[in-house]
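See structure below.
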Amino acid sequence: MKKKAVAAMSGGVDSSVAALLLLEAGYDVIGATMRLVDNADLPPEDPARQTRTCCSLDDVTDARRVAHTLGIPYYVFNFVEDFRRQVMDRFVEAYCRGDTPNPCIDCNRYLKFEKLLHRAMEIGCDCLATGHYARVGRSPSGRWLLQKGLDASKDQSYVLWSLTQEELSRLLLPLGGLTKAQVREIAEAHGFVNAAKRDSQDICFVPDGDYAGFIQRRTGRAFPPGPFVGLHGECYGEHRGIIHYTVGQRKGLGLSFPQPMYVCAVDAAENRVVLGPHEALFSRTLRARELNFIAAEDLARPTRVRAKIRYRQQEQPAVAWQVAEDELQITFDEPQRAITPGQSVVLYDGDTVLAGGKIVG
């Protein structure tokens, strides 16, 4: 009997080709798009609000047309309320405490690999497939592994660090061994309408890039001004509210200095933004919580790893160890720029993801 799989189809070329490859591998495939964002959640003045975001109306149309081309059933699942609670509200709460979140990781964690996988199983499917550039493997002990995609320029293992053993056991990643160029060639050869479609770049619920405006609309709150301070408590002036700033930021401070100054910390408790010179952004250590271990049960002893603190960064040599049940400490061989609370750190052993977590300091 054929295995049944739900192919998560965002309307982009990657997920469309993933669905095709599943069919060619002999799966019984159902296409599905998650409806995540309602117009009420988007900037009212944005004329492109229905077309420019991930999983927009245009994306649904593209996904439906590809599903029709493939001859597979296609559904749109309404997860708007779940997305508001698990992604938008977490995004807002993070900024309000001075952190800088990555909402795409929360979307993967709570929507795609929790809600959508659960829905797939409810409708009788065995597994879920996505268009991520990463691979699922198995260790000799039987433990499920998450590994980098073979196209280093497109590898997305960083944003998948929260996958559990149960989720990995039901996950298919058909693009893990392909390059982006190969994926586009496959799409063109099959006449997909989205073969040349550009990848989505914006946060889907903030298409205009105005994070502070979104947070103010979502909370109905005003965020009061407070002091810009130096590394030793010097007062430099007044900021516009902490939600306008993130670690490493240089532009938009509204101040003039003899040398470039950067945001080194956002102190929500004291409503302060701490500024310093570029060299003050560098640190060798970080702590992480909300941990997920993939390749091993834990890191109970100091372990040599390569660690990555942002999506586009090349992983860096470091030592990691678990200092508490839900806390990792990581010391890099070389100082790293702008280690940012709220972002994720992911640990690698070669191409294999060992673990990941949220940076807390």
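Every read-out reported here was derived from the displayed coordinates using simple, explicitly stated rules and does not represent laboratory data. On a predicted model such as this, the values are computed, not experimentally measured, just so you know. Cβ placement follows ideal geometry from the backbone for every residue including glycine, while neighbour counts extend to all protein chains displayed.
Descriptive notes on the structure:
- With respect to the chain, whose longest principal axis is taken over its alpha-carbon atoms, helix 180-189 is tilted by about 30°.
- Each of SER15, SER256 has some number of other Cβ atoms within 10 Å of its Cβ, and from fewest to most they run SER256, SER15.
- Gyration tensor over alpha-carbon atoms, region 242-359, equivalent ellipsoid semi-axes in Å: 30, 15, 11
- According to the Cα-based calculation, Rg over Rh for the chain is 0.99, with Rh computed by the Kirkwood formula.
- Kirkwood hydrodynamic radius of region 4-189, Cα pairs, Å: 17.2 Å
- Separation between Cα centres of region 189-244 and region 113-163, rounded to whole Å: 29 Å
- Equivalent ellipsoid, region 254-309 (semi-axes from 5 times Cα gyration tensor eigenvalues, Å): 34, 15, 8
- Relative contact order computed over the chain (Cα-Cα under 8 Å; 6+ residues apart), in percent: 16 percent
- If the segment from ARG221 to ALA196 were pulled out straight at 0.36 nm per residue, it would be longer than the present Cα-Cα gap by 4.8 nm.
- The alpha-carbon positions of region 132-173 define a convex hull whose volume is 64 Å³ per residue.
- Ellipticity at 222 nm from helices only: DSSP H runs of n ≥ 4 in the chain, each -39500 (n - 2.57), divided by the residue count, give -5500 deg cm²/dmol.
- With the convex hull of the Cα atoms taken as the outline of region 223-276, the averaged projected area works out to 3.3 nm².
- Trypsin sites (Lys or Arg not before Pro) lying in DSSP loop within region 292-337, provided at most 13 other Cβ fall within 10 Å: ARG312
- Considering only GLY237, VAL263, ALA120, the residue lying farthest towards the positive end of the dipole of the chain is ALA120, judged by Cα position with unit charges set on Cβ.
- When you restrict to C-alpha pairs under 8 Å that are six or more residues apart and normalise by the size of region 221-310, the relative contact order lands at 23 percent.
- Here the label points at GLU93 and GLU24, each 7 Å from Cα along the C-beta direction, are separated by 4.3 nm in the simple model.
- Dipole magnitude of the chain, debye to nearest 20 (Cβ charges: Lys/Arg +1, Asp/Glu -1, about Cα centre): 300 debye
- Per-peptide average of other Cβ atoms within 10 Å, ordering 116-129, 171-184 highest first: 171-184, 116-129
- For region 4-189, DSSP calls about 25 percent of its internal beta bridges antiparallel.
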